Structures are given as structure tokens and as C-alpha cells.
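This report concerns only the one structure given below.
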Amino acid sequence: MPLLVTEAIVLHAFDYLESSRIIRLLTREAGIQSALARGARKSRARYGSALDLFAEGSAQLYVKPSRELHNLAGFEIDRSRAELAEEVGRFTAASTIAELALRFAGEEGSPQLYDTVSDVLDRISRAAPEDTIGIGLAGCWRIVAVVGFAPELSSCAVCHTPLRDTEDATFSHAAGGTVCPTCARLARGGRKIPASARAAMTRWLSGDDSVSLAEAEGRSHQRLLREFLDAHMPDDRPLRAFAVWEHERWSAA
Ligand SMILES: [Zn+2]
């Protein structure tokens, strides 16, 4: 069996049988890959915290051609990101990032997507509890941009008429961005968004996550993003981690 050595981030992990663990990895070289870590639960010494959620390091996989589950030969951990499990807002935001990466990444390596996911998880792990929504939103929009779905925000997505920065606009998921008043009358399912929301999204798409949000704004942005993802996801499966992220904070408050 060929050995693949690649940087990897653990995006999903669960126990398997009595002694093993199955992990789903975002790898730099080969996109999403699943691996069986035999004996991982019996011998903590072998992997330590390397197989915990959001850990990143160098994975060695024995690749079984035409099989979906490979064998993990080793995992040298660089960072555990234990901070993500210490605060519920961080954990739910990071879980949403993992969900988007699992859903959007194929089995081809994308260094740009890999680096984006890694950087976003680092930023969330450093976020103050009140900033996790904004930093999570920024990360989700960056991933959307990297996989090629960035919405049009500076002009009409239909007729390309430029929009003024100070203008409230209609966001149409079907059109893939903001639309001018004329096209808004023809577009279905559009949602009015204030100029400030458009400005925030523009900054997030460019990698700037230093936008401070009031609670109600955060909620509106999460709803807009969820609707956008529903319209652009490659399949119809519900976004479970996103739903937890969206509702956890408000029900806990
Ligand atoms: Zn238009």
C-alpha cells in the first residue's frame, strides 16, 4: 500500500469498535480522507491528543486504492487547539467551519482551502467569547470565497449596475449577491440588507475579521449565511453543526 504523508486537520472523529478510532481529515495533499486508527483508544501513548477534533499535524496514511477508509500509520501533532473545546461559542463556531470544509472539499488537495481552514480555526481558538460569532462568520465567508462562491456585493449580480456603498440593497441567493432595485423587483426570495451588513461581508470576504457586531446583527448574519449556504451547497443534507452554532447562543442566553 502506498504511504501518503501529508499535513492534516482532524475534522471529525469517533470511536470504532472497542479499541479504534475513525477520523476524517482535511489533508493538504488529498482533500478529505478517512482513516482508521487501530488501537488508538487502547494506547493513548501512541497518538496522545493527536486524534482529537481540530488537531493538526503530519499524518501518515496507508492508502488503499479505491477504498474509502485508509489505515493511519502515524500522526505527529503540531497543535492540538485544545482552546476550542474550552468555550462553547468557540467549539460551535469551529464545528461549523469543519462542517463546511467537509462538505465543500473533495478528494483533491487544495492548499488554499487547507491554509484557510487552518488559519480560521486558529483565529477562533484565540477569540474572546463575545467575538466567536463574528470571527466564525468571517471564516465561513472566507471558505465560501476560496471554493468559488463569493457573492457579488459591490454591484448588481444581475445587470452589474454599481451600488453605492451607503445604499441598502436586496440580497438574492438565487442571483448570487446583491441586486439593484430594478432587478430586485424581478428576483424572488430576496432579503433587504443594510449597507453596514454589506460592508461587513465585504471585509470578511477579504479576510478581515475585526468587525464588531451587535447581538441582533450577528443573528441576522447567521441567518443570511445559512440561507446562502442552503442555496449553494453541493447536496441537500442539512447543516447540523451550523444549526447548533446558530441556536446555541440564543438558547443559552
Ligand atoms: Zn440590476
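The values are calculated or read from the model by the stated rules, or taken from the named source; none is laboratory data. Values in this document were obtained by computation on a predicted structure and should not be read as measured data. Neighbour counts run over all protein chains shown; Cβ positions are idealised from the backbone, glycine included.
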Requested in this report: Could you tell me which of the residues Glu130, Glu167 is within 21 Å of Ala214 (Cα to Cα) and in a loop (DSSP other than H, G, I, E, B)?
Outcome: Glu167
Report summary line: Residues in the stretch 185-197 that are in a helix (DSSP H, G or I) and either more than 15 Å from the ligand (Cβ to nearest atom) or surrounded by 19 or more Cβ atoms within 10 Å (Cβ to Cβ) (or both) total 3
Requested in this report: Please go through the stretch 82-116 and pick out each residue that is farther than 16 Å from Gln222 by Cβ and of a type in the set (A, V, I, L, M).
Outcome: Ala82, Leu84, Ala85, Ala98, Ala101, Leu102, Ala105, Leu113
Query raised in the report: Before we move on, is Pro162 at pLDDT 95 or above and buried (at least 16 other Cβ atoms within 10 Å of the Cβ)?
Result: no
Query raised in the report: Could you list, in sequence order, the residues of the stretch 143-179 that are within 12 Å of the ligand (Cβ to nearest atom) and in contact with a His (Cβ under 9 Å, 6 or more places away or on another chain)?
Result: Glu152
Query - Pair list, Cβ < 7 Å and 6+ apart or interchain, from the stretch 192-216 residues that are farther than 15 Å from Trp141 by Cβ to residues that are at pLDDT below 95 and in a loop (DSSP other than H, G, I, E, B) - result: Lys192/Asp168; Pro194/Asp168; Ala195/Asp165; Ala195/Thr166; Ala195/Glu167; Ala195/Asp168
Query raised in the report: Has the stretch 39-59 got any residue that is assigned to a strand (DSSP E or B), among the charged types (D, E, K, R) and either more than 23 Å from the chain's Cα centre (by Cα) or at pLDDT 95 or above (or both)?
Result: yes
Query raised in the report: Among the residues of the stretch 151-168, which ones are among the hydrophobic types (A, V, I, L, M, F, W, C) and over 26 Å from the mean Cα position of the chain (by Cα)?
Result: Cys156, Val158, Cys159, Leu163
Report task. Working only within the stretch 207-253, note down all residues that are modelled with pLDDT under 90, over 23 Å from Arg103 (Cα atoms) and not hydroxyl-bearing (Ser, Thr, Tyr). Result -> Arg249, Trp250, Ala252, Ala253
